[in-house]
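Asker: Here it is, the structure, as structure tokens.
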Amino acid sequence: MAGLKAEQLEFYGALYIGCMLMEDGIKVIKYNIRLGDPETQILLPQLTSDFYQAIIDLLACKNSKLTWQKKDYYLGVVVAASGYPGNPQQGISLPQLPTNVFYAGVENRNEELLSSGGRIFTIYDHAPTLKRAQKRVNAQLAELDLADFYYREDIGFRDI
């Protein structure tokens, strides 16, 4: 942001800064000028203002006042195919999933959902505490047969 200001550049839109916590501190690993998944999948359900109006404002180069819920913590866990990211297994049958899921690398073949990418789906939930949101998501994942998939159970641990 300081660089944009120093060069007197204006920016209207979504600027996502991907960071990773390393032993020697926080490092920026990427900039996106879009809202990517899975970040968007956790952010947008928390938006209480009108997303359509925000887009209209951005297209008109106007700042938009976004408002967000502040009651709950949201957490999402990405489920990936075995072999991700290098060589993800394809065509894995997905179990029956809950309603709080965002699909990614999935195809419908003869009324059966199969993996067709690396990141397959994200399960998300929310609760008054981050620890409770994490427990809710992990409990849902534990109920599923995900033997051919990979996911992390520690998402959110640094903030808990």
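Asker: Scanning for something over 23 Å from Tyr151 (Cα atoms), free of Cβ contacts under 8 Å to residues at least 40 places away in the same chain and surrounded by fewer than 11 Cβ atoms within 10 Å (Cβ to Cβ), does region 81-88 turn up at least one residue?
Answerer: No.
Asker: Taking the conditions exactly as written (within 14 Å of the chain's Cα centre (by Cα), within 15 Å of Gln41 (Cβ to Cβ) and in a helix (DSSP H, G or I)), does Val77 satisfy them or not?
Answerer: Considered against the rule, which asks whether it is within 14 Å of the chain's Cα centre (by Cα), within 15 Å of Gln41 (Cβ to Cβ) and in a helix (DSSP H, G or I), Val77 comes out as no.
Asker: Looking at region 110-154 only, could you name the residues that are loosely packed, with under 13 Cβ neighbours inside 10 Å, in contact with a strand residue (DSSP E or B) (Cβ under 8 Å, 6 or more places away or on another chain) and closer than 18 Å to Gln90 by Cβ?
Answerer: Answer for region 110-154, where residues must be loosely packed, with under 13 Cβ neighbours inside 10 Å, in contact with a strand residue (DSSP E or B) (Cβ under 8 Å, 6 or more places away or on another chain) and closer than 18 Å to Gln90 by Cβ: just Glu112.
Asker: Let me ask another. I'd like the residue in region 44-63 that is in contact (Cβ under 8 Å) with a residue 12 or more places away in the chain and closer than 27 Å to Ala104 by Cβ and, out of all such residues, is surrounded by the most Cβ atoms within 10 Å (Cβ to Cβ).
Answerer: Among residues in region 44-63 that are in contact (Cβ under 8 Å) with a residue 12 or more places away in the chain and closer than 27 Å to Ala104 by Cβ, the one surrounded by the most Cβ atoms within 10 Å (Cβ to Cβ) is Ala54.
Just so you know, all these numbers are worked out from the coordinates, no wet-lab data involved. Just so it is clear, the model here is predicted, and its values are computed rather than measured. Here Cβ is always computed from backbone atoms with ideal geometry, including for glycine, and neighbour counts include all displayed protein chains.
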